[in-house]
Amino acid sequence: MILEAVKAKFPDEVLETSEFRGDLTIVVRKESLAQIMKHLKEEAAFDFNLLMDLTAVDYLSMERKPRFDMVYHLYSLRNKHRLRVKVGVHEKEPEVDSLVVLWPIANWFEREVWDMFGIRFKGHPHLKRILLYEEFEGHPLRKDYPVNRRQPLMKQKSDHELEFIEAREYGQAVPELLRGSANQEEKKI
Amino acid sequence: MKAQPIDAGFFSTKLNDMVGWARKYSLFQYPFVTACCGMEYMAAACSHYDIDRFGAGLPRFSPRQADLLMVVGTVSQKLAPVLKKVYDQMCDPKWVVAFGVCASTGGFYDNYATLMGIDRIIPVDVYIPGCPPRPENVLDGLLKLQARIQNQKQLL
């Protein structure tokens, strides 16, 4: 019933709907994500007032186009129904609309997805790494991140020497974290 | 005539042993607890196993007041500079215990985020293996550390 209602409301924007053992999924066009999500949240028939989870999937080895999927899990506390919304994201332009204005919880989730997958969120108020350090290069949950690549902040000189080289002085990054100045640089990447 | 050790007098020959004896029974620990091993650390500290029997019952929550750094749990690359800073803040004499396999070697983590053993950034005196170690293991490790303290050249 939810699937039909969404499909009827957005016939061109909803690309695909599916149901598996009571789990409803829709795949929508990237450009209309914010519009559809706003409708799903505010329309009384849907009333999805809880964004339970937001994550991404990298389909690199399956050679699928688009390479990434953004996955949103919605729940309605009043109607007690659920919906999964998926959006394909191309590798060349990894950017989708931010949903922070609809659900404030999306703020940290989207920062995590940026940290791990390198997908940017248009309109996010403070898009910077949330788990890893600012010196980290790349995005480790992308399937082309080398599994053995290590980026220590502190390095041991050699196995037998107990003299330690600090890759950077601890404390230098702290003002940067507070300022959040890396935000603009990250957007350029 | 060459002076025999006995001629040097009781005080000067036994001072090292005495200081070691005093220090090994008054360990003030700084618990650097980052992960699930903390539960076993708490079990070892509470009345069933009672780490206080060995004179290490009083954790100090400032590294400046502690002489035993217990690294309990996984240390990530991001946390490594913090651990180094905590270690540097401790006054000599100081000792380090790597509690559990994650602190000792990285444990089952082998990924971009985890420091593969704290001995990559600070020297370690005793490694306590286990995931997590039983409180008996912890007490055994503590006794090994005490033996080490007793027998080392004391900083005076």
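Values in this text are rule-based calculations from the coordinates and carry no lab data. Given the structure is predicted, the values throughout are model-derived calculations rather than measurements. FYI the Cβ positions are ideal-geometry reconstructions off the backbone, even for glycines, and counts take in every protein chain you see.
Couplings 3J(HN,Hα) for segment A:48-58, derived from phi with the Karplus relation 6.51 cos²θ - 1.76 cosθ + 1.60 (θ = phi - 60°), are 7, 8, 10, 8, 6, 7, 8, 8, 10, 10, 9 Hz, where x marks Gly and Pro. The residue among A:N49, A:Y72, A:V85 whose Cα reaches farthest toward the positive pole of the charge dipole of segment A:49-92, with charges on the beta-carbon of Lys, Arg, Asp and Glu, is A:N49.
The magnitude of the dipole of segment A:2-150, with charges of +1 and -1 set on the Cβ of Lys/Arg and Asp/Glu and taken from the Cα centre, is near 180 debye.
When the listed pairs A:K128/B:K84; A:K7/A:K38; A:K9/A:K41; A:K92/A:K122; A:K41/A:K65; B:K85/B:K144 are checked against a 18 Å cut-off, the alpha-carbon distance exceeds it for A:K128/B:K84; A:K41/A:K65; B:K85/B:K144.
Couplings for segment A:95-100, taken from phi via the Karplus curve 6.51 cos²θ - 1.76 cosθ + 1.60 with θ = phi - 60°, read 8, 10, 6, 6, 10, 4 Hz in order; Gly and Pro are left as x. Legend: mean number of C-beta atoms from other chains within 10 angstrom of residue C-beta atoms, peptide B:104-113, equals 3.
Secondary-structure-derived ellipticity at 222 nm for the protein assembly as shown, considering helices only, amounts to -8500 deg cm²/dmol, per-run term -39500 (n - 2.57) for DSSP H runs with n ≥ 4. Gain on full extension, evaluated as 0.36 nm per residue between A:L3 and A:R64 minus their Cα-Cα distance, stands at 19.5 nm.
With only Lys, Arg, Asp and Glu charged, each at its Cβ (+1 for the first two, -1 for the last two), find how big the charge dipole of the protein assembly as shown is about the Cα centre; round to the nearest 20 debye.
Result for the protein assembly as shown is approximately 320 debye, rounded to the nearest 20.
The order of A:S32, B:S47, going from fewest to most other C-beta atoms within 10 Å of their C-beta, is B:S47, A:S32. With no solvent and one point on each alpha carbon, what is the Debye value of log10 I(q)/I(0) for segment B:57-156 at q = 0.12, 0.16, 0.19, 0.24 Å⁻¹? One equal scatterer on each Cα of segment B:57-156 leads to -0.39, -0.69, -0.96, -1.36. Across peptide B:76-86, the average count of Cβ atoms from other chains found within 10 Å of a residue's Cβ is 5.
Size descriptor for segment A:2-150, Kirkwood hydrodynamic radius: 16.1 Å (Cα pairs only, one decimal).
Less than 5 angstrom separates the built amide H of A:H81 from those of A:S76, all sequence-distant by 5 or more or on a different chain.
Taking a cut-off of 16 Å, what percent of all Cα-Cα pairs in segment B:44-89 are separated by more than that?
Cα-Cα pairs in segment B:44-89 separated by more than 16 Å: 49 percent.
Here's the picture: charge each Lys and Arg Cβ at +1 and each Asp and Glu Cβ at -1 in segment B:1-139, and of B:F32, B:A98, B:V126 the one pushed furthest to the positive end of that dipole is B:F32. Look at B:S62, A:S98 and count the other Cβ atoms within 10 Å of each Cβ; fewest to most, that gives B:S62, A:S98.
What longest region of chain B stays clear of chymotrypsin sites (Phe, Trp or Tyr not before Pro) that DSSP places outside H, G, I, E and B and that have at most 11 other Cβ atoms within 10 Å?
Answer from the scan: B:1-60.
Over every Cα atom in the protein assembly as shown, the radius of gyration and the widest Cα-Cα span, Dmax, amount to 27.9, 109 Å.
Ranked for footprinting exposure by Cβ neighbours inside 10 Å, fewest first, B:K24, A:K128, A:K86 give A:K86, A:K128, B:K24. Peptide B:37-48 shows a mean partner chain C-beta count of 0 within 10 Å per residue C-beta.
Each Lys and Arg Cβ is given +1 and each Asp and Glu Cβ -1; about its Cα centre, chain B then shows a dipole of about 360 debye.
Farthest toward the positive end of the dipole of segment B:28-144, out of B:A56, B:G107, B:L83, is the Cα of B:L83, where the dipole comes from beta carbon charges about the Cα centre.
Just check segment B:90-142 against the gyration tensor rule for me: Cα atoms, a ≥ b ≥ c as the square roots of the eigenvalues, rounded for a/c under 1.5, and otherwise prolate or oblate depending on whether a/b exceeds b/c. Cα axes put segment B:90-142 in the oblate bin.
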